[in-house]
Structures are given as C-alpha cells and as structure tokens.
Amino acid sequence: MKLFDIPAVTESASASRGGRVFRKASDMVPSKPFDYSHVQKWAPDADFTDLASFYPVAGEKHGVIPQEQLLALYEKYLQLWLEKMPTSKKLQDAGRKNMLWGIFGSYQKDWETPVLPFSKHCDGGKLWDVDDNEYIDLQFGDTPSMFGHGASNPAIKAAAESLLTTGIDPMMGTEDQAIAAAELEKHFKLPVWMHALTASDSNRYLLSIARCVTGRPNIAIPNFTYHGTIDETQKMMPEPGVISRYHEMPQYYAEVDQGTKIFTWNDLESLEECLKDKSVAVVMMEPIMSNFGWAWPEEGWHEGVRALTEKYGTMLCYDETHTLGYDWNGAAGVMDLEYDMWSCGKAISSGIPGAVFGMTREIADQLENWQNEAGFFAGAGLGFLGNALTGNTMSTVALRVTMQEVMIPSVFEEIHAKARFVHEGMTAIFEKYGAPFRSEIMGNRLCFHFISDRAHDPLTGIAQIGFGGLFEFAHAYMWYHGLLIMPFFNMVLVCPQHTQEDLDKYLEVFDDMIAIIMGQKAG
Ligand code: PMP
C-alpha cells in the first residue's frame, strides 16, 4: 500500500557492500491479494489489489466531488503543509546519514509523507513542531499519550519526580508494584499480573504462556488483526485455508503456515473450524477490531467465542491496547467479557514505556508450580518472560498513577462529554452537507468513516477509511490547518486537557473539509 510518494534512497546509499547480495524489492513477494468481492459495493471501480485506488463512493457519487479533483486538492494541501516544515526537512535529510529514513523509530516513519514531521515540544493536548507550527494533537502517537502530554498528566509528573530519587532499575521489587497490580485487578478483573515494556511483548509472553500451560502448538487470531511485532500474529488469510504474511521480514524464520490459525471475525463457524482439532492454545483478539477502520462485534459473537474456547479447552486472550480508552475499565469491562488472559501496552502507563499482561489464578499457579519443581536456574525458568527493564521504577509509578488518578470514572466522565460533543458535531456536519459518511465513537476515540453503514467485518473496515482521495485529502487538509490526526487511519483522540476552544477549532476545520468534499465550498 503506497499512499504518498516517498523520495527514493540514492543509488550510492543502497549499493551492496563486501560482496553481499541483497534481494531486490521486487523479489520480496508481497502478500497475496485479499478477496474484496463482498466490499465491492462500496467501491465498484477499485482495483482491489491496490488500496490507493480505493475510492468508496466512486460509481454512485452522492454529491462528492470527482476523485481527480480531490487528489489535486490533496496535493495542494500536502505541499502547503510541507512548505511550513523546512526545519523538519533539514533534520530528516541530515539524519539519513545515521538512521534509516532519517529517524530513530519505525512508527515515526508512518506518516509516509515526503517530509516527516519533527517535534520540539508537547504539553497537554498540544504539540509544536521544530518550525514552531502549533497543533492540536489528536493522534498521541497512535494512543500512548492519549491521557495528555507532560506535567498536566499526573502519571507522567509522578514518574519524572520519582526518577530523581528512586533510581530506575534497582532489579528489586518496589512497594508500588503490588499497588499497581491490585489496581489492575480492580480495573480489568484478572488477579495476577506481570509487566512488560511494549504491547507486542505482553502479547508475545501470553502466547508463550498459553502454549506452555496447554501443551498445544498453535494460536488463533481473526483475519486482518494487529497485535504488534510478533511473527505469528503478523499473518493473514487471503483466501480460506491459506496463510500469508503481511510482509517479507519474519522475525523468527518459521514456515508461514506454522503456528497460526486464522478465523473470520464475527463468524463462529470459521472459529470452530480452527479450534476443533484441539491444537490451539489461545485465541487472541480485540474486543472491537480497531486497527485501520473499526469492525464491531455482532450480537452474540463474544459469548459464542467464549463458549467455543471453553468447549475445546483453548485460552481466550483479549488485547485491549487499542480499546483501552473506551472507559476506566476498558472495552472488555464495559462489554462484561469473560477471559483467561488480558494484555495492554501503550497508554496503560500514560505513554511511559510499559505494558501489562494478566492471567487467571489457575494459570499463575501452574507457572509457579513448574518453576518450583524445575528449581533455581532450571531451563523452565520463567525469567524469559520479560527483560532487564521490565518492572522498572519509572514505568511502575506511571502505571500506578494512571490507574489511580487518570483512568478513573470521574476523569472519564469529562472525556466522554468531550468526545460526545465532537461525535455529535461531526454527525451534524455530515447531515448539513448531505454527506454519506459516519462518525463513530469508542470512549475517548472517534473515527470519521467514508461509508454510511457500520462495519462488522475488517475489509469493510478498511474500505471506510477512504483510500484513493478522501483519506489523503482529509489528512493533508487537517495537518495543514493545525490538527494532528493519525497518519494511517481516521482516528481522532480526545484527551482530558483538550479545551472547548480546541474542540471548536477541530469542528470548524472539519466543517470546511466536508463542505469541500461535497462540492459546496471551493478548496
Ligand atoms: N496490540 C494492538 C491491538 C495494537 O494496536 C498495537 C499497536 N498498534 C499493538 C498491540 C502493539 O503495540 P506496540 O507497538 O506498543 O508493541
């Protein structure tokens, strides 16, 4: 999927050295194409092997201006935005000498813009780039900082203060850890917790615990899901029974069809097909599929999943990394789901690196017994469920305070009120211009979607993002107007520090943007 034109790396930078042979990009066979036929109604003219050609309202235009016109407007606003970022460009160009793409983190590349933005300063709900452009932050790094940047977030303040006195890695327990774990039980039901540094790691450890305690080799995930940088979960099913990778960089080089079974979201029959040979240790999924566009659970889905996992002796794990902001107890809490394992990273410690994974007492007893039987330093040692920095003082303080002072009902009442204001505002704007689009709300998280039906399957979820013009124009237009929305889908996050003025400004720009899309205002 190529959304923006990124300047190619120069010949000399890509030349091979020391006689090593590098594969050409064209040799890295991309994923097999998906079967898009059932979402064709939204984009009848699209080439479904190329998301950039996807234009949800093509064919029946509903008053939306032609695709070429939207793409030209996107080029215009992207260019205008890039012109405001000369220092970012300089920093990225200079950074290319020592860093891939001129930046340190792979997420920081995900703007996929010809010039990547560089940040100077963040505070509460605002961000300033290195050219002193001010933004209302609505993306918060794809959720980690969604409870606010800097000292106005009590968890970040407490972590920063503790650093000066407690040290960060004493390699000892701290009193805070037990308080934080007890808080986790209050919020997310499960009694026993461990700490990790990323959601990917939490998920990785849970998959291995599930395999260990059940003695089963496989895991199962829904098609098109995302659970982090884990080989077994970065797979998809282009057609029933076929497993493929999203990319050609498997991190453990096992055969692609080993270890992972894939089922269709909201389809209990396909899940049962995966589970019935009793080789699946754990089903890992989100309460609501929320990467890219959202795919909501149909009525009875979660209950059915629970019943099937019990029937076949499979663990059920919810990854709440992207649905945490639904409420103080996450989406699984609001939906009153039952599970054996639960994981979360990113915002769980207000963006200070930290993640958690929880399990039932039964699983924990099993692990402790094995450790005792195996003895000190034995091969079964569970020390591998973590690394040197897990459980560190700074992350633990940030986690505890996030649970005690940030993820609490009174803070969420305010967040819900703000999010509802934006949701109702966007919905009214669609009505005002007769736009066949939809605003959706999931706690502190909103999405504007460019089709009129709610999605219950992930492909419609992707279609609704509006790749092929609507997505690109919306993003460039908002970025240029000082609204920092997520670069790879249409998510808008509301944080406790956003002011009424911030929300009004968002809706003002959004109103203009929809008027342009609907041909009722010049772009
Ligand atoms: N699980 C889910 C549901 C996610 O959305 C993500 C990241 N987008 C992850 C896990 C991985 O998080 P991290 O990159 O912090 O490991």
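The values are calculated or read from the model by the stated rules, or taken from the named source; none is laboratory data. A quick note: this is a predicted structure, and the numbers were derived from the prediction, not measured. A quick note on method: Cβ atoms are made from the backbone with ideal geometry, for glycine too, and the neighbour counts reach across all protein chains shown. Please note that ligands, DNA and RNA were not included when accessible areas were found on the heavy atoms of the full protein model with its side chains. Shrake-Rupley method; radii C 1.70, N 1.55, O 1.52, S 1.80 Å.
Counting only strands (runs of 3 or more DSSP E) that sit wholly inside segment 407-523, those with at least 2 residues that are more than 23 Å from W111 (Cβ to Cβ) and in contact (Cβ under 8 Å) with a residue 12 or more places away in the chain are 438-442.
Residues in segment 211-236 that are of a type in the set (A, V, I, L, M) and either within 21 Å of C344 (Cα to Cα) or more than 20 Å from the chain's Cα centre (by Cα) (or both): V213, I219, A220, I221, I230. Taking the conditions (1) within 16 Å of the ligand (Cβ to nearest atom); (2) buried (at least 21 other Cβ atoms within 10 Å of the Cβ); (3) under 21 Å from A281 (Cβ atoms) in turn, H195 satisfies each one other than (3). Counting only helices (runs of 4 or more DSSP H) that sit completely within segment 282-384, those holding 2 or more residues that are of a type in the set (G, A, S) and surrounded by 21 or more Cβ atoms within 10 Å (Cβ to Cβ) correspond to 330-334. Taking the criterion of being within 13 Å of the ligand (Cβ to nearest atom) and of a type in the set (S, T, N, Q), the residues of segment 226-256 that qualify are T229, T233, Q234, Q251.
Report every pair of residues separated by at least 6 positions or lying on different chains whose Cβ atoms are under 8 Å apart, first residue within segment 188-217 and touching a residue at least 40 places away in the same chain (Cβ under 8 Å) and of a type in the set (A, V, I, L, M), second open to solvent by 30 Å² or more (accessible area, probe 1.4 Å) and within 16 Å of the ligand (Cβ to nearest atom). Within 8 Å, the pairs are M194/T390; A196/T390; L197/P353; L197/N387; L197/L389; L197/T390; A199/K346; L207/E232.
Applying the condition of being part of a loop (DSSP other than H, G, I, E, B) and over 23 Å from P436 (Cα atoms) to segment 61-104 and asking which residue is most open to solvent (accessible area, probe 1.4 Å) yields F104. The set of residues in segment 105-125 being more than 21 Å from A474 (Cβ to Cβ), open to solvent by 20 Å² or more (accessible area, probe 1.4 Å) and either touching a residue at least 24 places away in the same chain (Cβ under 8 Å) or in a strand (DSSP E or B) (or both) consists of F118, S119, K120, H121, C122, D123. Within segment 460-493, track down each residue that is out of contact with any Gly (no Cβ under 6 Å at 6 or more places or on another chain), farther than 24 Å from S119 by Cα and open to solvent by 10 Å² or more (accessible area, probe 1.4 Å). Within segment 460-493, just T460 meets the criteria. Do we have any residue at all in segment 214-225 that's away from the ligand (no atom under 16 Å from the Cβ), open to solvent by less than 20 Å² (accessible area, probe 1.4 Å) and not in a helix (DSSP H, G or I)? Looking through segment 214-225, none of the residues is away from the ligand (no atom under 16 Å from the Cβ), open to solvent by less than 20 Å² (accessible area, probe 1.4 Å) and not in a helix (DSSP H, G or I).
When P44 is tested against (1) at pLDDT below 95; (2) under 23 Å from the mean Cα position of the chain (by Cα); (3) on the phi < 0 side of the Ramachandran plot, just one condition goes unmet, and that condition is (2). Applying a threshold of 7 Å to beta carbon distances and a minimum spacing of six or more residues, or different chains, the list of pairs starting in segment 160-184 at a residue that is among the hydrophobic types (A, V, I, L, M, F, W, C) and ending at one that is in a loop (DSSP other than H, G, I, E, B) and surrounded by 14 or more Cβ atoms within 10 Å (Cβ to Cβ) reads I168/N392.
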